[in-house]
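Chemist: Dumping the structure here so I can ask a few things about it.
Just so you know, all these numbers are worked out from the coordinates, no wet-lab data involved. Remember, it's a predicted structure, so these values are computed and weren't measured experimentally.
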Ligand SMILES: [Zn+2]
């Protein structure tokens, strides 16, 4: 029986006889359009039953004929939404194709009401389904740009989604997926250009598509796509684990060469990725270098992107199910779980992950029911990679800042914009709240403005403690009066001359951005301090300063020598990666022991050493593959 007939039978069994239903395969989802409002509001409780019977995620939406005219719907919405919710009345988007209305409010929980009663009332009175978004108190330009772009392309996007849906739900040529092979296209025995092809006899899935920063040749910069004959045509899906450059920046390149299939990631990843890739394109343009793809290739990727919640199960190819779980690494980062056949094989790809709590995020998930094969990162997998714990790290950082300020100096913290910046802001906030730090001005500048706005838009994804603070105590640390978040300062000299302060600015390795400008102004005074909180790559200005250089040039300028007199510190322990012990604990605490562990994303010596430790401790087969190597796991 075809899938379509099966669906019809199930619907016939569960639905009342007189309802009108239109069935659509929208990418990985099955959408049912109906004229029966009680099905949409969930009063009948039918959607979960259908989902269970069909083993598919079901979306129930209103048919065109029951939707109230848009202007009228807008008036009804405005009258029903409580004033305290602070709805942005200029940002009400109607999706004519799906019958959905998108609302943005500063306090969306008030629109929801208890048990979604308010939402359902809007649906009842307007016939439009409500999709609710949190509008951050600091607005993100990139979120606005991405949203208005996707809303302008709805009908174009819908055609693509239907094509993707047909392909996902095609009749399988075999009953099962056959052999499962992992082909390592990048990120194997190296850090950078992460990319793994999971190839079965019936489908092909790409996990991550990154470039390698600082690569010397194009061959080293790109994943080894050339190894796979007709890769673009073969691919069923691309999954992006998180929005770091080395995991997502080759995605537009695949669209440039004709890929038009689905891309899966979490919603925060979509925005952060757009930010990171746009920034990369801007810098390449400024430096007059040729870009490997255009902005149009990026927007094309966005149109084909499906965002998933953690724990949501979707079909991405015949007999292949995908689920994303929290990786604790950066906002939106995920551990990828692929389920093949009915319990035939399970593969976990950790991406980058942190198996410990941070201030910002909860620890990575590992309670899988089954996980025969694991591809695990090993960035800090060496025996020497033991990081100080969070309390030690915090105490050390607070001590340095406090001493510098008390001696009349200023503190400069060059910062990675995604994740690390927010972790450090939370640390400073806590220090000031508990009177461990003097309450001097904290100046936050550069891309951190954007990334912090995106963090605020996704508060629900952050750690339990941050949520408690915001939702129970009503205190949002990121919008605290201690911080002055600015996009760009006209006169940094004025800032620096004003008295003791803490400056948190991009870039994290002093390769450019406001941090370099501040360094120039602060370097000559021995009372000042610079504190590094992230790894400094070789040949960067940050690395030279960290290594103790007393005379340096600024990036791109060879005329002026800067004498380094300020104090140089490095505060370890704020990393978003797991250290050696956390990597081993992650495996140890899995509910079932894996059969194969494949180690990637690390320097060869660290990965090999970690591999030996795993074999010895757990008696599991381990692999440290090279780029280009194929491992058959089933
Ligand atoms: Zn990462």
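Chemist: How many angstrom lie between the C-alpha centres of region 65-85 and region 525-587?
Modeler: Using only Cα atoms, the two centres lie 53 Å from each other.
Chemist: With an 8 Å Cα cut-off and a minimum separation of 6 or more residues, compute the relative contact order for region 166-236 in percent. Spell out each step's value before the answer.
Modeler: Numbers: 107 pairs, mean separation 18.1, N = 71.
Relative contact order for region 166-236 comes out at 26 percent.
Chemist: Using a/c under 1.5 as the rounded threshold, could you call region 465-591 rounded, prolate or oblate? The axes a ≥ b ≥ c are square roots of the C-alpha gyration tensor eigenvalues, and prolate needs a/b larger than b/c, oblate otherwise. Could you put the intermediate results ahead of the total?
Modeler: Values: a/c = 2.62, a/b = 1.33, b/c = 1.97.
Here region 465-591 falls in the oblate category.
Chemist: Another question, if that's okay. Just to confirm the number: angle between the C-alpha axis of helix 390-406 and the first principal axis of the chain, 0 to 90 degrees, nearest 10?
Modeler: Tilt relative to the chain: about 50 degrees.
Chemist: Okay, moving on. Semi-axes of the equivalent ellipsoid for region 545-634, please: Cα gyration tensor eigenvalues, times 5, square-rooted, ordered largest first, whole Å.
Modeler: Working: eigenvalues 346, 63, 20 Å².
The three semi-axes for region 545-634 are 42, 18, 10 Å.
Chemist: Which of the three applies to region 3-64, rounded, prolate or oblate, going by the alpha-carbon gyration tensor with a ≥ b ≥ c and a/c under 1.5 meaning rounded?
Modeler: On the way: a/c = 1.34, a/b = 1.21, b/c = 1.10.
Rounded, because the longest to shortest axis ratio a/c is under 1.5.
Chemist: So, one more: Once both axes come from the Cα atoms, what is the angle between helix 420-433 and the longest principal axis of the chain, in degrees from 0 to 90, rounded to 10?
Modeler: The helix 420-433 is inclined about 70 degrees to the chain.
Chemist: Rounded to the nearest whole Å³, what is the per residue volume of the convex hull around the Cα atoms of region 67-135? If you can, show how the numbers build up before the last one.
Modeler: Working: hull volume 5.0 nm³, N = 69.
Cα convex hull per residue, to the nearest whole number: 73 Å³.
Chemist: Here's something else I'd like to know. Return the whole-Å distance between the Cα centroid of region 145-214 and the Cα centroid of region 465-511.
Modeler: For region 145-214 versus region 465-511, the Cα centre distance is 38 Å.
Chemist: Compute the helix-to-body angle for 154-168: its Cα long axis versus the longest principal axis of the chain, expressed 0 to 90° and rounded to tens.
Modeler: Once rounded, one gets 70 degrees.
Chemist: Expected output is a single nm value to one decimal: the length gained when fully extending between residue 484 and residue 526, i.e. 0.36 nm times separation in residues minus the C-alpha distance. What is it? Before the final figure, lay out each step's value.
Modeler: Numbers: separation 42, 0.36 × 42 = 15.12 nm, distance 2.52 nm.
This chain segment gains 12.6 nm when fully extended.
Chemist: Shifting gears a bit: Sort out for me the Cα centre separation of region 275-339 from region 610-634, rounded to whole Å.
Modeler: Centre-to-centre (Cα) distance: 27 Å.
Chemist: Is region 1-152 best put as rounded, prolate or oblate by its Cα gyration tensor, with a ≥ b ≥ c the root eigenvalues, rounded for a/c under 1.5, and otherwise prolate when a/b is larger than b/c, oblate when not?
Modeler: Details: a/c = 2.11, a/b = 1.73, b/c = 1.22.
Cα axes put region 1-152 in the prolate bin.
Chemist: Return the calculated 222 nm mean residue ellipticity for the chain, to the nearest 500 deg cm²/dmol, obtained by summing -39500 (n - 2.57) across DSSP H runs with n ≥ 4 and dividing by the residue count.
Modeler: Working: 23 runs with 215 residues, N = 634.
Taken over the chain, the calculation gives -9500 deg cm²/dmol.
Chemist: Report the antiparallel proportion of the DSSP beta bridges in region 3-64 as a percent, rounded to a multiple of 5. Intermediate results must be reported in sequence, preceding the final value.
Modeler: Working: 6 of 11 bridges.
So the antiparallel bridges amount to about 55 percent of the total.
Chemist: What is the antiparallel percent of DSSP beta bridges lying wholly in region 67-135, to the nearest 5? Could the numbers behind the result be given before it?
Modeler: On the way: 4 of 10 bridges.
Percent antiparallel among DSSP bridges in region 67-135 is about 40.
Chemist: Report Rg(Cα)/(2.2 N^0.38 Å) for the chain, keeping two decimals. Working shown, then result.
Modeler: Working: Rg = 25.6 Å, N = 634, 2.2 N^0.38 = 25.5 Å.
Relative to the rule-of-thumb radius for its length, the chain sits at 1.00.
Chemist: Taking the DSSP beta bridges in region 293-419 as the whole, what percent of them are antiparallel, to the nearest 5?
Modeler: Values: 15 of 18 bridges.
DSSP beta bridges in region 293-419 are roughly 85 percent antiparallel.
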